[in-house]
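Presented below is the structure to which this report refers.
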Amino acid sequence: MAGLSDLNKQEIIESDQTSSVPTVKSNSEPYEPSALRGVAGLALAGAGAVALRNPIGRVINKIANLRAPIAPATRTTKPVDAVDEILSIVPTKMDRGRAMTAPQISQQEAIRQVAIQRSNELKKLSYQAPLSRGGKTKRIGSSLYDYIARHPIAGARKPEEWIKDLKSGGPGSFKTGNPEFKNISQAVKKEEMWDANIAQFDKAGNLIGGFLKVAQEKKIPLTKMDLLYIVEKAPVNNLKMRKLGADTKIVDEAEDLGRDITNSLDGIRNKIIAKVGDDVGEEAENTLDMIKNMKSDIRKKSAGLYNKFTEVDDSYYEVRSAPFKNVIDNYESLLPAIRRLGVEVDPLEVSRITQAGKAKDIDLGRRLQLQDSQGMMTKYGNYAEYRIKGGDEYFENVVYYPKPLPMGQRLADDYNKHYNYGDNTIPNQIYHVRGSIRSGGSNDNQKVMLIDEIQSDYHQKLRKVNPSRDKVVNAFGAEIEFFSANRKLEKLVDEMKTISAKGIKATPEDQIRFNKLNSEFREMRSNSLNLSNISNREAQDGIPFLPLYGKENWGSHALKNQIKDAADRGIDWVAISPVEYLHHAKRTKYLGDIEFYGTRTGKAGFKNYGGKEGVVRKSADERDIPIRDKDGKFQLTDPKKKATLPAAMDRIAREYGSEVKTIPVAKSDPNKTFKVVDNIVTKKEWGLNPDKAKNQHKAAFKTMEEAEYYAGRYGGDVEQIMPGDPRLYIDAYAIKVNKEMADKPFKAYQSGGLVVNIFA
């Protein structure tokens, strides 16, 4: 077997090592990648010992006949949504083929060489495609993965050596050296190590939890492939996003069809009036009443569809057929009466309604029924105090861990409450985002994703009941513990086998050593298969673990997810709804909202704001209490400090060569000039122009008639507001979505990190 120095040489890819990846030699063991030979090794040991017919041999034979430890049940069950498993680090078919065609090489040596080859490949990828988890993602990746993959040693190392590397300042200043990523922070955050359950350190830098603590206690050597496996399976790297929303094109097409039928009816009505003049008989009067009722029915259907699928409110009739079927049927039955009045209708016009229009209507009906039946509609569109209305497309995105939690853990409803309803329950929710797509930016042809709300039920509940997370049980990673422990068991049997081979030449010291090895074997076999040796009961009694604790982490992760979604859709800007237009204008003035979302300039406050009426926070007993400073006065907000999400935008823009600024965002579709509006509260301290800011747009239409009908049915006033009118826009802090953001992955955890010890 190759020595460590030879092994290390095989692992060197670039001539220049990064300053933060350890280059020192280790008293490591050669790489032995798995427990593949665990059972076989036990059997061989037993057979050899029996042949020797000595007491040691009989013990080994007894051990060999024990059942091998059973690996923990897999968590990979079929989720609600399809789950794309990330990179597999097991040998490929080609790898196995190479091993089979080289019979002169032992099985273990072949496995070892395959593992080293794969390790080299992953090291290259960590340099060539940083943050991609081995080239498998362009969305949100892992700095920890790259740091481990770039380690120069492939062989097994003592846990203490890994702990020392991760405790050092290296992870906190990690850079891959790829010039295309020179501006992108790849510092490894301590939160990522904890969330992956590789290591948990206290403030003093002491190891207090995680897989490495178990490995240290059990003296289990580990390879970087072991640690990479854990990172790959970490929940933060296996999250899914369910997109809830309506196909607003359906509404636009329905409105177009409704207008087409209405225009035809108006033309027929005008011809009837011109034909009969003042002598309106009973038949003509009945026909005109039918036209009036048909137009009213069209307006009702169009308004209902708009309210359900664009405005996304609850007030809606259920669509069970084509929306305008009755109208088109009545249109056809109207034609004979029209002809009896001596009025001719263009056959092409009739065909456009009764044939082409009917086909369009049937298609709309099918799409509407599908929209309702898929269970993908938004849930909270009618909560007006949590959104800015009037957008072209309202959405709700829910990010969640799609697999069952390990060791039978389940989240209580109050940790998982917003999207927990019947067959549409979304498991293990990390956070959700609510917002809309609008026009804005430098011109009305650009599109803006305006984020109204980012909220995490799990983390907000956890912050109230256990902010230190000392009652949280992170049970992820049990599978790798099984394989690592089995590899250690194999080594123990190998040493017992060596002693057994001495036969009658075995010394009393050999016997003592053998007994010690046997005892260690039994202890490990019994006690090392659950992470941190926690029982199922302990796991289930504790608070289940989910990643991204802290609003800086889950807020930044949500923002990055939305930027990626915007890039996929060709949207130009991602903006944050400012508190002066939404959070403080429509509901309780929480200090947390202004510090998280910020103002239209991205600040965490306004000058002299909060002193009179006081901004508030939620107390432990759910009361809203004013926040006071040390002198007992109402606390003022900080107009110089950047709010959390705007600050995250600033960092992303610096790293990915983009820009952040305050941009105009349309309250509603500029091309639909007839607006249904109502007023919102504004404050003098917010520095807003009352004429510009006092109204919000509930809906927008192409005709006055449609707008007036909607306002009469659902409330609001009607105004005509043309493109370019200042009343059409609000200002919002936004980041420009560029090609860099589309092509390069983001770091999962908030960018930044200390150059010195990150655990201090």
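The values are calculated or read from the model by the stated rules, or taken from the named source; none is laboratory data. Since we're looking at a predicted model, the values are computed, not measured. Positions of Cβ are backbone-derived with ideal geometry, glycine not excepted, and every protein chain shown enters the neighbour counts.
In segment 338-364, of all residues being of a type in the set (Gly, Ala, Ser) and modelled with pLDDT of 90 or more, the one that is nearest to Arg259 (Cα to Cα) corresponds to Gly357.
Scanning segment 260-302 for residues that are crowded, with 19+ Cβ neighbours inside 10 Å and either over 23 Å from Thr703 (Cβ atoms) or in contact with a strand residue (DSSP E or B) (Cβ under 8 Å, 6 or more places away or on another chain) (or both) yields Ala284, Thr287. Between Arg463, Arg469, the distinction of being at positive phi, surrounded by fewer than 22 Cβ atoms within 10 Å (Cβ to Cβ) and more than 15 Å from the chain's Cα centre (by Cα) belongs to Arg469 only. Scanning segment 680-712 for residues that are part of a helix (DSSP H, G or I) and modelled with pLDDT under 90 yields Lys684, Glu685, Trp686, Pro690, Asp691, Lys692, Ala693.
Just one of (1) in a strand (DSSP E or B); (2) within 30 Å of His557 (Cβ to Cβ) fails for Ala742. It is (1). Inside segment 144-164, residues that are surrounded by 20 or more Cβ atoms within 10 Å (Cβ to Cβ) and charged (D, E, K, R) make up a count of 3. Every test in (1) outside the structural domain of Thr588 (by TED's automatic domain parsing); (2) touching a Gly at 6+ places or on another chain (Cβ under 6 Å); (3) not charged (D, E, K, R) is passed by Met376 save one, and that test is (2).
If I ask for residues that are touching a strand residue (DSSP E or B) at 6+ places or on another chain (Cβ under 9 Å) and assigned to a helix (DSSP H, G or I), which ones from segment 568-584 would you list? Selection gives Arg569, His583, His584. Any idea how many residues of segment 351-376 are surrounded by fewer than 17 Cβ atoms within 10 Å (Cβ to Cβ) and among the β-branched types (Val, Ile, Thr)? Number satisfying all stated conditions: 2.
Has segment 308-320 got any residue that is in a helix (DSSP H, G or I) and either over 16 Å from Leu265 (Cα atoms) or at pLDDT below 90 (or both)? Within segment 308-320, one or more residues are in a helix (DSSP H, G or I) and either over 16 Å from Leu265 (Cα atoms) or at pLDDT below 90 (or both). When Lys379 is tested against (1) assigned to a loop (DSSP other than H, G, I, E, B); (2) charged (D, E, K, R); (3) more than 30 Å from Val681 (Cα to Cα), exactly one condition is not met: (3).
Close contacts from segment 306-332, counting a first residue that is assigned by TED's automatic domain parsing to the domain that holds Thr287 and within 15 Å of Glu255 (Cβ to Cβ) and a second that is part of a loop (DSSP other than H, G, I, E, B) and modelled with pLDDT of 90 or more, with Cβ to Cβ under 8 Å and a gap of 6+ residues or different chains, come to Thr310/Asp392; Glu311/Lys389.
Of the residues making up segment 606-659, those that are part of a loop (DSSP other than H, G, I, E, B) and of a type in the set (A, V, I, L, M) are Val615, Ala620, Ile627, Leu636, Ala643.
With respect to the stated conditions, Tyr458 fails to be buried (at least 24 other Cβ atoms within 10 Å of the Cβ), under 19 Å from Tyr597 (Cβ atoms) and in contact with a helix residue (DSSP H, G or I) (Cβ under 6 Å, 6 or more places away or on another chain).
Report yes if some residue within segment 203-213 is of a type in the set (D, E, K, R), surrounded by fewer than 21 Cβ atoms within 10 Å (Cβ to Cβ) and in contact with a Gly (Cβ under 7 Å, 6 or more places away or on another chain); otherwise report no. For segment 203-213, residues of a type in the set (D, E, K, R), surrounded by fewer than 21 Cβ atoms within 10 Å (Cβ to Cβ) and in contact with a Gly (Cβ under 7 Å, 6 or more places away or on another chain): absent. Of the residues Lys379, Lys389, Lys417, which is over 24 Å from Asp195 (Cβ atoms), surrounded by fewer than 20 Cβ atoms within 10 Å (Cβ to Cβ) and of a type in the set (Lys, Arg)? Matching residue, one of Lys379, Lys389, Lys417: Lys379.
Exactly one residue among Lys136, Lys175 is assigned to a loop (DSSP other than H, G, I, E, B), over 22 Å from Phe476 (Cα atoms) and in contact (Cβ under 8 Å) with a residue 12 or more places away in the chain, and that residue is Lys175.
Looking at this structure, is Arg537 at pLDDT 85 or above and surrounded by fewer than 20 Cβ atoms within 10 Å (Cβ to Cβ)? Considered against the rule, which asks whether it is at pLDDT 85 or above and surrounded by fewer than 20 Cβ atoms within 10 Å (Cβ to Cβ), Arg537 comes out as no. Once segment 178-197 is narrowed to residues that are assigned to a loop (DSSP other than H, G, I, E, B) and among the basic types (Lys, Arg), the residue that is surrounded by the most Cβ atoms within 10 Å (Cβ to Cβ) is Lys189. Answer yes if at least one residue in segment 404-413 is surrounded by 18 or more Cβ atoms within 10 Å (Cβ to Cβ), among the small types (Gly, Ala, Ser) and not in a helix (DSSP H, G or I), and no otherwise. Within segment 404-413, none of the residues are surrounded by 18 or more Cβ atoms within 10 Å (Cβ to Cβ), among the small types (Gly, Ala, Ser) and not in a helix (DSSP H, G or I).
The residue list Ala699, Ala707 contains one member that is within 32 Å of the chain's Cα centre (by Cα) and buried (at least 21 other Cβ atoms within 10 Å of the Cβ), which is Ala699.
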